[in-house]
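Input: a single structure, listed below in structure tokens.
The values are calculated or read from the model by the stated rules, or taken from the named source; none is laboratory data. Treat the numbers as computed from the prediction; the structure is a model and nothing was measured. All Cβ positions, even for glycine, are placed from backbone atoms using ideal geometry, and neighbour counts span all protein chains on display. Only protein heavy atoms, including side chains, enter the accessible area calculation; ligands, DNA and RNA are left aside. Shrake-Rupley method; radii C 1.70, N 1.55, O 1.52, S 1.80 Å.
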Amino acid sequence: MDGVAALLRQAVAEHRAGRMREAIRLYGKVLSMDPDNPDALHLLGVVARRQGKLDLAIQLMRRALQKNPYLIDGYLNCGNTLFEAGRLEEAEDSFRRILRYDPGHVGVLAPLGRLLLRRGALDEGEALLARAFSDGDNPKGRLAMERTRRYRAIAEAAANPSLPAGIVVRGVFRDSSGYAYKVRQFVRHLVKAGVSVQLMDLLYTPTENLPASQLDPLFETLEAPVRAKAVLSFTTPLMVEAVPGLRTINYTVFEATRIPPLWAAHSAQHDHVIVATPSSREAWIASGHPEDRITVCPEGVGVVGADVTRTEVVDDTGRRLLSYPTRFLNVSDFTPRKNLVGLLRVWLASTQASDPAALVLKIGKGGDAAGEFRDFITQTAQSVGTPLEAAAPIFLIADKMSDDAMMSLIASCTHYWSMSHGEGWDLPMAQAGAMGLTLIAPRHSAYLAYLDDEDAHLLPCMVGPAANDYAGLDWWFPDEAAARALLERIIRDPQANRRSARDRLLADFTWEKSAARLIDILSSINAL
């Protein structure tokens, strides 16, 4: 057995050093000598979880716990893996076993407390979180305790007949993200329609807020309690937490053909799910969500006057964006799903420096445009074999923008172009269409909810395995050859290739109409 112990120590050292292939080999050798070794089984399960092989990881960890029922780290890792796999009740059981064996174990208090809040067990969840963050120094801990305080107040207000009937809306609204913009628009138009709203931030992680001068003062006036039947969250299913006695409604989206098991498990706990497009609804249903508990309510577009000021963008060499007759815009987070590498490949392959065209990339969260994204552009150019100087210019914008500034940027361009692998709505695309830009979009997901061949250029796509955060799912791959041919035609003769979705979007998808649809849905499910 000394040889087994030595091999195990060597395997652990390789594991900690990140040399997983050698660690796997050594764990396997330990198990060939001692098939029931709980430490090797457990740690091999940890490796399997890291590789995304959740079922195998759970199987290995459970074998380890059968051999050593007091392996506390095994219960914690097994619980976390079960959680990732969407097996929430089993995850809770694994976490609770830790407290039975080791009541003072601090590491399990926060995950178990958050899991309990998600299903509305406020008293026990709050008690666990209070123990987990008793020192008060953890920012996320302080936010967690603030959430539980507010949930308790919301539940009490719901039973107070002297308060106005209304709804609690929970979601980010103070930052520059698409989710925050969506929340601001829906809340503004709910209030305009006469709905009493109590607005609550997510309070999940510290965020960088917009300056107060860029935020409508309305949103700071909506903290007063209401007599609510439901809490309407605008977030991913994992961030939803239930308030005892109130219905749990979540407005969300997804960008692949199915949702992950973890999303499905959390959504199953919610009374109702609202999504922006039929493609998202199909993704939920394909993952087992009941058809009668999910409804479509589109997001919206703003009505912007023709007198909106256009943004004057000047690059480092003094080139002015407005001096180029054809100006393509893409607003994206620097994430693989947005397929900016595909967009850049098409631009570099289909344009020349002498073309009367320019590309504007407005980059959001996920990358440093001054460094990381510029390196990304350079690397893409090298892979294509086209020097950046040989292609039409690319204007890069990384600054955070107010809502008005974003409208001005859109107004500065003539075309909006996406090569995304999948969308839940795409606010900038829809808004650009409502402002009269010619749209170029892949023929997939959300785009088919508000675009067709008469009012936009739709690129053919193929469905294939997704990557990164979407691994294990399928998304779409736009045809780059078709995109290259289209760009060349547009640059050669932009007027002949002009299309407009403006009339359709302004007729069917204004924020006023979207809010009215939302009110109808909430009323129909007894949430208003």
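What the table shows:
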{"item": "Helical mean residue ellipticity (222 nm; -39500 (n - 2.57) per DSSP H run of 4+; nearest 500) of the chain", "result": "-13500 deg cm²/dmol"}
{"item": "Unit charges at the beta carbon, dipole of the chain: most positive-side option, Ser383, Ser445, Gln269", "result": "Gln269"}
{"item": "Electrostatic dipole magnitude of the chain [Cβ: Lys, Arg +1; Asp, Glu -1; Cα centre; debye, to 20]", "result": "600"}
{"item": "Probe 1.4 Å, accessible area per residue of the chain, Å²", "result": "43"}
{"item": "Positive dipole terminus of the chain, leading residue within Leu203, Leu232, Leu71 (C-beta point charges)", "result": "Leu71"}
{"item": "Rough spin-label spacing in nm, given labels placed 7 Å along Cα→Cβ, for Ser213 and Ala5", "result": "6.9"}
{"item": "Relative packing of 68-81, 386-399, which averages over residues the other C-beta atoms within 10 Å, highest first", "result": "68-81, 386-399"}
{"item": "Among 506-519, 484-497, 321-334, the order from most to least packed when residues are scored by Cβ within 10 Å on average", "result": "321-334, 506-519, 484-497"}
{"item": "Reachable aspartates and glutamates, given that their alpha-carbon falls under 15 Å from the alpha-carbon of Lys338 and they are not under 8 places away in the same chain", "result": "Glu255, Glu423, Asp426, Asp469, Asp474, Asp479, Glu480"}
{"item": "Sequence-separation-based contact order of segment 179-330, relative, with Cα cut under 8 Å and 6+ spacing, percent", "result": "14"}
{"item": "Additional length obtainable on full extension of the chain from Gln269 to Asp292, 0.36 nm per residue less Cα span", "result": "6.9 nm"}
{"item": "Alpha carbon centroid spacing (whole Å) that separates segment 128-157 from segment 424-497", "result": "43"}
{"item": "Label-point gap, in nm, between Ala481 and Arg21 - each point 7 angstrom along Cα→Cβ", "result": "3.5"}
{"item": "Nearest-20 debye value, segment 308-420 charge dipole, Cβ charges on Lys, Arg, Asp, Glu", "result": "260"}
{"item": "Heavy-atom accessible area ranking, 1.4 Å probe, most first, across Ser354, Ser523", "result": "Ser354, Ser523"}
{"item": "For His266, solvent-accessible area (1.4 Å; no DNA, RNA or ligand), Å²", "result": "0"}
{"item": "Dipole magnitude of segment 90-249 about its Cα centre (Cβ charges: Lys, Arg +1; Asp, Glu -1), debye to nearest 20", "result": "460"}
{"item": "Contact order relative to length of the chain, as percent, for alpha carbon pairs under 8 angstrom and 6 or more apart", "result": "11"}
{"item": "Backbone N within segment 378-398 under 12 Å of label point (7 Å from Val341 Cα along the Cβ vector)", "result": "379-381, 383-384"}
{"item": "Farthest positive-ward along the chain dipole, Cα basis, beta-carbon charges - from Val12, Val187, Asn138", "result": "Val12"}
{"item": "Amide H within-cut-off set for Gln198, under 5 Å, with H built and near neighbours excluded", "result": "Ile167, Val168, Val169"}
{"item": "Qualifying GluC sites (Glu not before Pro) for segment 263-353 [loop in DSSP, other Cβ within 10 Å: at most 14]", "result": "Glu312"}
{"item": "Percent accessible area from carbon and sulfur atoms, the chain, protein chains only, probe 1.4 Å", "result": "50"}
{"item": "Entries in Lys400/Lys513; Lys182/Lys362; Lys362/Lys513 that, when Cα-Cα distance is taken, lie over 23 Å", "result": "Lys400/Lys513; Lys362/Lys513"}
